[in-house]
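Worksheet: one structure, shown below.
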Amino acid sequence: MLLEVKNLVTEFHMKRGTVKAVNNISYQVDQGEILAIVGESGSGKSVSSLSIMGLIRSPGEIAAGEIIYNGQDLLKLSQKEMQKIRGDKISMIFQEPMTSLNPVYRVGDQITESILTHMKISKEEAKKRAIKMLEIVGIPSPADRFNDYPHQMSGGMRQRVMIAMAISCDPELLIADEPTTALDVTIQAQILDLLKQMRDKFHMAVLLITHDLGVVAETADRVLVMYCGQVVEEADVKELFQKPLHPYTLGLLKSIPKLEDESKEPLYMIKGMVPNPLHMPPGCPFSDRCDRCMERCRKEMPDLQEINGRKVRCFLYDQKEEVQA
Amino acid sequence: MTDEVLIDVQHLYKRFVVDTNFFGRPTSVLKAVDDVSFQIHKGEAFGLVGESGCGKTTIGKMLVNLYTPSEGKIFFEGKELTAMKPKERREYCKDIQLIFQDPYASLNPRMTVGDIIAEPIRINHLLPDNEVENRVTYLLNCVGLANHMRNRYPHEFSGGQRQRVGIARALAVQPKLIVCDEPVSALDVSIQAQVLNLLDDLKDEFGLTYLFIAHGLNVVKHISDRVGVMYLGKLMEIAPKHELYANPLNPYTKALLSAIPSVNPETRRKRIILQGDVPSPIDPPAGCRFCSRCFEKVDGCDSVTPELRMVQPNHWVACHRFDDQNL
């Protein structure tokens with residue numbers, strides 16, 4: 001096991017109250033595995049990854065929990081110790097490749113900078129390594145593109161540069177926060193393919209954060225579905241798509257227009273919208289939108305319980321082995 | 001859908017001057033839309049798909065008179081919009097309305113939702129003042145918003161609700177054609193379905209015709225009757241949707257379809273992964289626009305631009321591989 005997140009709670013202290021963006025989530029990432037965290041905006045998927053990187057700023061705060069990486073708790077490390085791990089052993093790529101690259105530096109220099117920070121090698125060697133990284137991520141004529149500024153590159157290229165930078169120090173864990181959301185579908189296919197290649201080549205783990213279930217089905221090995229700061233379902237990717245247990249997962253899957261679908265039926269809709277995080281319903285946060293809501297759902301919060309090697313947070317599966325979903 | 005043609009676009013061009021020399025002459029021109037022709041029938045939903053920069057939004061903006069075409073003709077109900085004087089052209093603006101992509105940027109934050117919806121009615125003097133309120137109530141109801149929400153401001157709404165306001169505003173002037181420019185791409189999955197269903201219902205209820213612009217092929221498939229695929233300012237293929245999805249002819253359409261992640265992990269297909277990026281529309285490749293990335297290239301692709309021709313009933317394609325197949 002590479003990374004273990006235990007009972008993590010990340011809160012944001014706002015004027016009108018405290019928002020639990022991540023509310024007691026636990027998961028593990030194994031070596032060489034692609035774990036996807038999927039959820040809609042505001043579900044806490046990005047905040048949970050920023051918590052791992054130690055990038056939560058005021059008014060945000062990690063209120064409780066542990067993040068165990070290779071036996072040590074990242075939350076107990078000082079800023080300086082954390083900096084050594086960040087960008088070296090754990091690195092991250094972001095959604096918008098334009099805003100995460102510095103526009104006034106050449107892309108090559110930006111990659112070299114992170115190599116020099118973490119590796120004890122000369123500038124010359126670092127440059128060589130940076131060019132090799134650009135080559136690995138599939139940038140044509142890498143030695144020339146080394147001298148480009150970010151604005152001279154297309155969105156797909158910039159995302160490749162971000163990936164080159166992230167893998168330049170041989171990380172064990174790569175966190176990819178919506179890496180393809182800003183890209184076109186044909187470029188998205190390229191980048192997802194690249195991520196899978198990198199995983200196979202360097203045997204690193206990837207924590208893929210996305211809202212797109214299609215991306216999850218294509219890339220991930222295991223999936224965590226988040227809703228309102230909580231994990232509502234965790235399963236192997238095939239099992240999840242074959243037989244989603246939680247009504248929210250089921251609803252999400254049904255509401256996507258499918259290419260194979262020939263009927264002109266209206267799409268399935270999840271009614272209502274995500275509750276305001278300041279005014280959560282007392283029971284299950286999904287109860288107001290759920291088709292199979294019971295009386296109990298409105299009063300009590302269900303636990304995340306294990307069924308046949310997968311986990312689900314719903315009373316429908318309480319003390320029953322199998323329920324027809 | 002009827003056989004009556006509502007909008008007929010003929011050889012439409014739009015060029016943007018990127019750079020000029022000292023004397024103000026253009027030295028660099030971006031061809032956003034390059035010789036595009038298509039028709040939309042009354043009651044039809046025509047989908048236009050393509051990646052960013054392919055000119056799909058530019059076409060939409062030319063139809064609603066936000067851009068003036070550089071060349072070419074647009075006919076609306078048989079009348080040539082492009083030949084009209086500006087004042088006359090404006091008369092037709094209320095027949096063709098636009099729903100924008102970003103519901104956060106397209107509503108005035110200082111106006112209440114009621115005023116936003118009432119504004120086009122007042123500007124066009126469509127109703128006497130005392131009836132406007134009732135009309136707004138009716139429109140709010142049509143798009144699934146409660147009447148008491150009319151006094152709220154856009155920031156009090158979620159993305160999906162704002163998009164509903166945008167739709168109500170477009171409906172306010174009783175248009176015949178609505179250009180939907182990526183209406184759901186800024187929304188969450190669970191909300192997307194709500195807005196798509198709403199658009200579908202309204203189409204039947206008001207007898208609307210849609211030009212539905214999107215980059216997501218699966219979204220377009222759900223709502224459209226016919227689909228056009230664009231690449232770098234050119235139409236590559238037009239076909240009825242079932243035909244297009246079951247039997248894509250142009251290699252670009254094939255690649256685009258193949259690139260969509262499927263929600264079934266069992267069918268992790270061998271996908272066609274295109275090499276390289278979309279070339280710049282300022283300096284597009286000679287011949288077929290797609291030839292630099294095409295995986296089914298034949299002789300002549302990089303020198304002669306293929307024309308859009310009908311190769312099967314109602315199935316139009318621009319590709320040299322179908323040159324001898326004329327219907």
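Throughout, read-outs are computed from the coordinates displayed, never taken from laboratory work. Note that the coordinates shown come from a computational prediction; the quantities given were computed from them, not determined experimentally. Cβ coordinates were reconstructed from backbone atoms using ideal geometry, including for glycine residues, and neighbour counts include every protein chain displayed.
Put a dot 7 Å past the Cα of A:Asn102, heading toward its Cβ, do the same for A:His279, and the two dots end up 4.6 nm apart. Less than 5 angstrom separates the built amide H of B:His41 from those of B:Leu6, all sequence-distant by 5 or more or on a different chain. When B:Asp299, B:Asp225 are sorted by how many other C-beta atoms sit within 10 angstrom of their C-beta, beginning with the fewest, the order is B:Asp299, B:Asp225. Taking every Cα-Cα distance in chain B and sorting them into 10 Å bins from zero, the calculated P(r) comes out as 5, 24, 32, 24, 12, 3, 0 percent. Taking 7 Å steps out from each Cα toward its Cβ at B:Glu296 and A:Ala63 produces label points 5.7 nm apart.
Once C-alpha pairs closer than 8 Å and six or more residues apart are averaged by separation and normalised to the residue number of the stretch B:14-126, the relative contact order reads 15 percent.
Relative to the longest principal axis of chain A, what angle (0 to 90°, nearest 10) does the C-alpha long axis of helix A:155-167 take? Taking Cα atoms only, the helix is inclined about 80 degrees. The charge dipole of the stretch B:151-228, taken about its Cα centre with unit charges on the Cβ atoms of Lys, Arg (+1), Asp and Glu (-1) only, comes to about 160 debye.
Close amide H partners of A:Gly87, meaning residues 5 or more places away or on another chain with modelled amide H under 5 Å apart, are A:Met92.
Computed from backbone phi with θ = phi - 60° and the Karplus coefficients 6.51, -1.76 and 1.60, the 3J(HN,Hα) list for the stretch B:278-288 is 5, x, 6, x, 6, 9, x, x, 5, x, 5 Hz; x is used for glycine and proline. If both residues of a DSSP beta bridge must be in chain B, then about 60% of such bridges are antiparallel.
Residue exposure proxy: A:Glu40, B:Glu131, A:Glu113, ordered by other Cβ atoms within 10 angstrom of their Cβ from fewest to most, comes out as B:Glu131, A:Glu113, A:Glu40. Using R0 = 41 Å, the C-beta based FRET efficiency linking A:Asp288 and A:Asp109 works out to 0.20. Dividing the convex hull volume of the alpha carbon atoms of the stretch B:45-99 by its residue count gives 103 Å³ per residue.
Extension gain, A:Thr117 to A:Gln242, is 40.5 nm, computed as 0.36 nm per intervening residue step minus the present C-alpha separation.
Angle, helix A:185-202 long axis vs. longest principal axis of chain A, Cα atoms, 0 to 90°, nearest 10? Compared with the principal axis, the helix lies near 80 degrees.
Taking every alpha-carbon pair in the stretch A:170-220 and binning the separations at 10 Å intervals from zero gives 25, 59, 15 percent. What you get for the stretch B:248-327, charging only the Cβ of Lys and Arg (+1) and of Asp and Glu (-1), is a dipole of about 420 debye around the Cα centre.
Note on A:191-199: average number of Cβ atoms from other chains within 10 Å of each residue's Cβ is 1. Sequentially through the stretch A:85-99, phi angles give Karplus couplings (6.51, -1.76, 1.60; θ = phi - 60°) of 7, 5, x, 10, 8, 10, 10, 9, 10, 10, 5, 9, x, 6, 7 Hz, Gly and Pro residues having no value and appearing as x. Looking at the protein assembly as shown, the DSSP beta bridges with both ends there are about 60 percent antiparallel.
With Rh defined as the Kirkwood radius, the inverse of the mean 1/r over Cα pairs, the Rg/Rh of chain A is 0.99.
The angle between the Cα long axis of helix A:123-136 and the main principal axis of chain A comes to about 50°, on a 0 to 90 degree scale. Check every DSSP H run in chain B and write down those whose alpha carbon atoms cover 24 angstrom or more along the long axis and whose mean Kyte-Doolittle hydropathy is -0.5 or greater. Helices meeting the span and hydropathy rule in chain B are B:189-206. Estimated from the Cβ-Cβ distance and a Förster radius of 51 angstrom, the FRET efficiency linking B:His242 and B:Asn151 is about 0.65. Mean partner shielding of peptide A:174-186, defined as the number of other chain Cβ atoms within 10 Å of each residue Cβ, is 3. Protection proxy ranking, highest mean first, for peptides B:161-174, B:194-207: B:161-174, B:194-207, where packing is the per-residue count of other beta-carbon atoms within 10 Å, averaged.
Within the same chain, lysines fewer than 8 places from A:Lys271 are excluded, and of the rest, those with a Cα less than 29 Å from its Cα are A:Lys20, A:Lys45, A:Lys238, A:Lys243, A:Lys254, A:Lys258, A:Lys299, A:Lys311, A:Lys320, B:Lys203, B:Lys221, B:Lys241.
Here the calculated FRET efficiency for A:Thr18 and B:Val18, from their Cβ-Cβ distance with R0 = 41 Å, stands at 0.25, rounded to the nearest 0.05.
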